[in-house]
1. In the full protein assembly as shown, how much of I295 is accessible to a 1.4 Å probe, in Å² to the nearest 10?
2. Which net charge results for the neighbourhood of V265, defined as the other residues with beta-carbon distances under 13 angstrom from its beta-carbon, given Lys and Arg at +1 and Asp and Glu at -1?
3. Between helix 18-31 and the chain, what is the angle of the helix's C-alpha long axis to the longest principal axis, kept within 0 to 90° and rounded to the nearest 10?
4. What is the log10 of I(q)/I(0) for the range 53-189, computed with the Debye formula using one identical point scatterer on each Cα and no solvent, at q = 0.20, 0.21, 0.22 Å⁻¹?
5. Rounded to the nearest 10 degrees, what's the angle between the helix 225-234 long axis and the longest principal axis of the chain, both from Cα atoms, 0 to 90?
6. Output the relative contact order of the chain, whole-number percent, from Cα pairs under 8 angstrom with separation of 6+ residues.
7. Hey, what do the phi angles of the range 114-131 turn into as Karplus ³J(HN,Hα) couplings, whole Hz, using 6.51/-1.76/1.60 and θ = phi - 60°, x for Gly and Pro?
8. Quick one: which residues, 5+ away or cross-chain, put their amide H under 5 Å from the amide H of V62? H built at 1.01 Å from N.
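The values are calculated or read from the model by the stated rules, or taken from the named source; none is laboratory data. From a predicted model like this one, the values you see are computed outputs, not experimental measurements. Cβ placement follows ideal geometry from the backbone for every residue including glycine, while neighbour counts extend to all protein chains displayed. For the accessible areas, the whole protein counts, side chains as well, though only heavy atoms, and no ligand, DNA or RNA atoms are used. Shrake-Rupley method; radii C 1.70, N 1.55, O 1.52, S 1.80 Å.
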Amino acid sequence: MEKMEGIITVVGFLGAGKTTLLKHLTTSAIAKGLQPYIILNDYENAGLDAQQFLEQLNPSSVNALNGSCICCSGIGELRNLINNVPKRPAGITLIEANGTSDACALMGFLGVGVDSRFLSPIQISVVDVMNWQRRGEHNVLEANQIQVSSLVVLTHLDECSKERRLIVENDIRRFNPLAKIITTDQINVTLLSKLEPSDNQAEKLDHLKAHWSSSSTDLPILPNKESIFSICNALPRSILRVKGCARLKDDEGYTYFERTPDGKVSIRPFHGIPTTGAKLLTVGPGSDIKLLNSIIEHSLKGQEV
């Protein structure tokens, strides 16, 4: 009898650490002799994140869904992608949803129309402990993203106290008493095989309220790393997600950067050459290409490039 393939969906609020967890799962899967297939979804240039997996996987094992939301407008495309995943002796399909996804609706839609060679999908939520339920008007969306998850993975623990972690864990159990709660260093593919789809009853979400604007624009060569921080910090806080790749003067490689919803900016080397070139990408109310270009121009004014 042919072995059925597991589907794991990773959900969570913008900047919670979904891609980092997905990399961890990919590494663990390969170490266990499994053959992962990755699907990433984002409003703008999901291919930028997809490229980060090419050190581990062949390009034919990584796919990106741009410009649509896989819990609603993009669900048909997602189903088609899953049903056309190549058959492998030890396959596992890993999906990262964008940070505004209605995680409950996504699980419902995935339960219909997926090929019979796949097991019922399992959902994992990533929760940023430091910023959990500190999203203002977006708290409802963040809470929705854990309600039908079988597993909740806590991140950003280095930045918070034990008391804060306990508060968050208790809050998570209030929304989803059936979920197992662990940290990133405790998760591995062996654990995933023991999970069952959640039976928790979720509250309905008006997902249209989470369909935010997004935008992207090309970045010129920047004089230094400080320029990245200057651009990110100048963008309005209504823009919840900022990321991209930059070329710095006198640096042959590219630098990846991101600003999470709490305003923290981080940078790291980008391995390889991004297919998008140097880009600034934003998601959230206020995202507009004219605004992005104006901020870039203003931030670089007077600086030698």
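1. Accessible surface of I295 is approximately 20 Å².
2. Charge balance near V265 sits at +4.
3. Once rounded, one gets 60 degrees.
4. -1.29, -1.36, -1.42
5. 80 degrees
6. Reported as a whole number, the value is 19 percent.
7. Result, ordered by residue: 8, 3, 5, 6, 9, 6, 4, x, 10, 10, 10, 9, 9, 10, 7, 4, 4, 10 Hz.
8. Here I38 satisfy the definition.
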